[in-house]
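Q: Please read through the structure below; I'll follow up with questions.
FYI, it's all coordinate maths here, none of it is from the lab. Keep in mind it's a predicted model, so treat the numbers as computed, not measured. So basically every Cβ, Gly included, is an ideal-geometry build from the backbone, and we count neighbours across all protein chains shown.
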Amino acid sequence: MAGLKTRKQQRLVVVSIALTSLIGATLLILFALGGESLSLFLQPSDVQKRNVAVGQNFRLGGLVETGSFSRLDDGLTFRFTVTDCLANQPVEFTGILPDLFREGQGVVTEGALNESGVFMASTVLAKHDENYRPPGTMPKEEGQCSHPDDQAAAASYAEG
Amino acid sequence: MHRFANPAQFNRLADAILPWATGAFVLLLGAGLYYAFFDSPPDYQQGESVRVMYIHVPAAWMAMFTYMVMAVASFTALVWRHPLALLAGRAAAPIGAVFTALALITGMLWGKPMWGTYWVWDGRLTSVLVLLFLYLGYMALWQAIDEEEKAGRAASILALVGVVNIPIIKFSVDWWSTLHQPASVMRLDGPTIDGSMLMPLLLMAGAYQAYFAVVFLWRMKLEINRRKLAVARQVSMHAPVGAE
Amino acid sequence: MAEFLSMGGYASFVWTAYGTSAAALVWLAVSSRKQLKETNEAVEAARARRRGDS
C-alpha cells in the first residue's frame, strides 16, 4: 500500500511538472515572441514605424477619426482617416461599408499604400468595442482616444 | 467489487441532482429568453442583433468550462487512475464540442451583419476553432484505439496538453490585435455591459450551465453502463462459468 | 409581432442563430437520453442473463 501511494505521488509530481512547464513555455512563446506576427492588423503608428512599402498588402486597424469621413462624388468611394491617437492614416475605399461602420468606432481594413501614402482598402470590417448599452446612452465621449485597446497600444508604443 | 461501488454511489447522487438541475434549467431558460427578447433594449450601436449575444456568450463560456471539466477529469485519471474520471472526460467531450460549435456558428451569424464578415483568422476566432479540434481529437482518439486503457491515456494526455489553449482564448483579445472585441463581463475594472443586458446574459448563462449539468449526468450514467457492459462481456469471455 | 420577428432587419441572422442553437442542444440531449435508455436496458438484460445462468 505504501508503494502504491508513492507511485501515485510520483505520477502527480511528473504530470504536474510536465503540464506547468508545457503551459508556461507555450504562453511565454506566444505572449513574448508572437505578439506582432499573431496580431491581425497594424495600427497607423506601426505603419509609420515600419515604413511599409508601397503596394504591399496588409491589414490596417484603428479608430475612424471623428469628422474625417467623406463620400466622393461617385457615391461609392469613401475617404476617412484611421487613427490610433499616435498617428493618422488616410484611407480610401470603394464598396459597401458594414452596418457598424461609424466615426469614432474601430475598423479593420485590408489593402495597400499607394504612392501618395493613402491606404487603398479592398475590404473594410467594423470592429466594435466592449460596451453594450441601451440606445441614447453613451459610455464615453465618442471619437476620443479612450479605447482601452488604444491606450494599451499607446502605452506600449511610448515605452518601446 | 470496489470498481462497482463508486459508480453505484455516483448513480444515486446523479439521480438525486437530476430533477433539481432539470428544474433549474427550465426556469432559467424561460426567464432568460423572456428577458432576452422582451425585457432588454437593443444595443446603442448594434441594434437588435445584440440578442445573439445571449446565446453566443454562454455557449463560449460553457465551451471553456466544459474543457476544464474534461481536463480536470483527465488529470485525475492519469494521476490517481480513478475509474470514474475517464468516464467523466468521455461524458463531457461531446457536450463541449457542441457548445464550441455553437459559439462559432452564432458568432459567425453575428459577425456577418456587424463586422461585415463571417470569419477572420484573428487570435480569438482561431483559438476557439482549435478548441473544437481538441474536442474532436479527444473523441477520435477514444474511437481510434481499441484498447480501452491505452485510448484513455492517449486521450487524457491530449486533453491536458490542450489546456494551454484556454488562457490563449481568454487573453487573445488582450495580447494581440483582433477583430473580436475585448471582454465585456469578466474584466478587472467591472462589466462594460449595461445591467439591462447583463441580466438576460447571466440568466442564459445559468440555463446553459444547468443544461450541461443535466446532459453531463445523463452521459455519465451512460458511460457507466457502457463500462459495465464491457466488463460483463470480458467476464463472460474469460470466465464463461458464471464467475463474478 | 411582425416588427418583433424582423429583429430590426437582422431576422435571418438572429433567428438562424437561435434555431441552430436550439436544434443542436435538443439533438444532444435527446440522443444522450436515448443512448442512456438503450444501455440501461442492455445492463438489465445482462443482469437477468447472469441470474438465469447461475
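Q: Which net charge results for the neighbourhood of residue A:132, defined as the other residues with beta-carbon distances under 10 angstrom from its beta-carbon, given Lys and Arg at +1 and Asp and Glu at -1? Each step should come with its number before you reach the end.
A: Working: positive: A:133; negative: A:129, A:130, B:43, B:194.
Local charge sum for residue A:132: -3.
Q: Another question, if that's okay. Please check which bits of the range C:1-34 a label hung off residue C:45 would reach, taking the label as a point 7 Å along Cα-to-C-beta and the cut-off as backbone N under 20 Å.
A: C:31-34
Q: Where does chain C land on the Kirkwood hydrodynamic radius, alpha-carbon pairs, in angstrom?
A: Details: mean 1/r = 0.0685 Å⁻¹.
Across chain C, the inverse of the average 1/r is 14.6 Å.
Q: Out of all Cα-Cα pairs in the protein assembly as shown, roughly what percent, to the nearest whole number, are more than 35 Å apart? Each step should come with its number before you reach the end.
A: On the way: 44237 of 104653 pairs.
Roughly 42 percent, once rounded to a whole number.
Q: Picking from B:56, A:64, A:136, whose Cα lies most toward the positive end of the charge dipole for the protein assembly as shown (charges on Cβ: Lys, Arg +1; Asp, Glu -1)?
A: Of B:56, A:64, A:136, it is B:56.
Q: Across every pair of different alpha-carbon atoms, what Kirkwood hydrodynamic radius in Å does the range B:1-140 reach? Walk me through the numbers on the way to the answer.
A: On the way: mean 1/r = 0.0572 Å⁻¹.
Across the range B:1-140, the inverse of the average 1/r is 17.5 Å.
Q: In peptide C:20-31, what is the residue-averaged number of other protein chain Cβ atoms found within 10 Å of each Cβ? Don't skip to the end; give the middle numbers.
A: Values: counts 6, 14, 2, 1, 6, 11, 0, 1, 10, 7, 0, 2.
Other-chain Cβ atoms within 10 Å of each residue's Cβ, averaged: 5.
Q: Now for a different question. Test of understanding: in a Gaussian network model of chain B with alpha carbons linked when under 10 Å, which of B:229, B:202, B:104 would top the mean-square fluctuation ranking?
A: In the Gaussian network model the winner is B:229.
Q: Now, a different point. If I take R0 = 35 Å and measure r between the Cβ atoms of residue A:103 and residue C:23 in this structure, what FRET efficiency does the formula 1/(1 + (r/R0)^6) give, to the nearest 0.05?
A: E between residue A:103 and residue C:23, to the nearest 0.05, is 0.30.
Q: Moving on to the next point. Using a 10 Å cut-off around each Cβ of peptide B:220-232, what is the average number of partner chain Cβ atoms that fall inside? All intermediate terms of the calculation are to be shown ahead of the outcome.
A: On the way: counts 1, 5, 9, 3, 3, 11, 4, 1, 5, 5, 0, 1, 6.
Whole-number average of other-chain Cβ neighbours for B:220-232 is 4.
Q: Of B:103, B:63, B:154, which has the largest mean-square fluctuation in a 10 Å C-alpha GNM of chain B?
A: Maximum among the listed residues: B:154.
Q: Moving on. Counting only other residues whose beta carbon sits under 11 Å from that of residue B:77, what net charge do I get with K and R as +1, D and E as -1? Numbers along the way, then the final one.
A: On the way: positive: A:11, B:81, B:90, B:153; negative: B:149.
Charge balance near residue B:77 sits at +3.
Q: Would you calculate the separation in nanometres between label points at residue A:88 and residue A:36, each defined as 7 Å from the Cα along the Cα-to-beta-carbon direction?
A: The answer from the label model is 2.7 nm.
Q: What is the dipole size for chain B, taken about its Cα centre, with +1 at each Lys and Arg Cβ and -1 at each Asp and Glu Cβ, in debye to the nearest 20?
A: On the way: 17 positive and 14 negative charges, 151 e Å.
For chain B, the charge dipole is close to 720 debye.
Q: What is the percent of Cα-Cα separations in the range B:1-66 that go past 14 Å?
A: Summing the P(r) tail past 14 Å for the range B:1-66 gives 73 percent.
Q: What percent antiparallel are the DSSP beta bridges of the protein assembly as shown, to the nearest 5? Walk me through the numbers on the way to the answer.
A: Numbers: 26 of 31 bridges.
Here the antiparallel bridges make up roughly 85 percent for the protein assembly as shown.
Q: How high is the FRET efficiency between residue B:80 and residue C:4 when r is their beta carbon distance and R₀ equals 51 Å, given to the nearest 0.05?
A: Numbers: r = 53 Å, r/R0 = 1.04.
The pair residue B:80/residue C:4 has a calculated efficiency of 0.45.
Q: Can you sort A:94, A:66, B:66 so the residue with the fewest Cβ neighbours within 10 Å comes first? Before the final figure, lay out the partial values.
A: Values: A:94 12, A:66 17, B:66 23.
In increasing order of surrounding Cβ atoms, one gets A:94, A:66, B:66.
Q: Per residue and in cubic angstrom, what volume does the convex hull of the Cα atoms of chain B have?
A: On the way: hull volume 33.2 nm³, N = 244.
Looking at chain B, the number lands at 136 Å³ per residue.
Q: Still on this model: What residue among B:168, B:217, B:231 has its Cα farthest toward the positive end of the dipole of the range B:28-238, where the charges are +1 on Lys, Arg and -1 on Asp, Glu, each on the Cβ?
A: The Cα lying farthest towards the positive end belongs to B:231.
Q: Under a Cβ-Cβ cut-off of 15 Å, what is the net charge of the residues other than residue B:22 that fall near it, where Lys and Arg count +1 and Asp and Glu count -1? Write down the numbers at each step before the final one.
A: Working: positive: B:219, B:221, C:33; negative: B:15.
After counting each charged neighbour, the total is +2.
Q: In nm, to one decimal, how far is the residue A:6 label point from the residue A:69 one, both placed 7 Å along Cα→Cβ?
A: Each label point is offset 7 Å from its Cα along the Cβ direction, giving 7.2 nm.
Q: Take every Cα pair under 8 Å in chain B that's 6+ residues apart, average their separations, divide by the length, and report that relative contact order as a whole percent.
A: Values: 263 pairs, mean separation 76.0, N = 244.
With pairs under 8 Å counted, the relative contact order is 31 percent.
Q: For chain B, set up a GNM with springs between Cα atoms under 10 Å and report which of B:227, B:12, B:153 has the largest fluctuation.
A: Evaluated over chain B, the most mobile residue of the options is B:12.
Q: Based on the Cβ-Cβ distance from residue B:230 to residue A:49, what FRET efficiency comes out when R0 is 60 Å, to the nearest 0.05? Please list the in-between numbers first.
A: Details: r = 62 Å, r/R0 = 1.03.
Working from the Cβ atoms, E equals 0.45.
Q: Another question about this same structure. Mind listing the phi-derived Karplus ³J(HN,Hα) values for the range B:141-148, rounded to whole Hz, using 6.51, -1.76 and 1.60 with θ = phi - 60°, and x for any glycine or proline?
A: 4, 4, 5, 7, 9, 5, 6, 3
Q: Rounded to the nearest 500, what is the protein assembly as shown's calculated 222 nm mean residue ellipticity when only DSSP H runs of at least 4 contribute -39500 (n - 2.57) each, over all residues? Don't skip to the answer; put the middle values down first.
A: Details: 12 runs with 282 residues, N = 458.
Mean residue ellipticity at 222 nm (helix-derived): -21500 deg cm²/dmol.
Q: Under the Karplus relation 6.51 cos²θ - 1.76 cosθ + 1.60, θ = phi - 60°, what is the ordered set of whole-Hz ³J(HN,Hα) values for the range B:8-18, x standing for Gly and Pro?
A: 4, 4, 4, 4, 5, 4, 4, 5, 6, 7, 3
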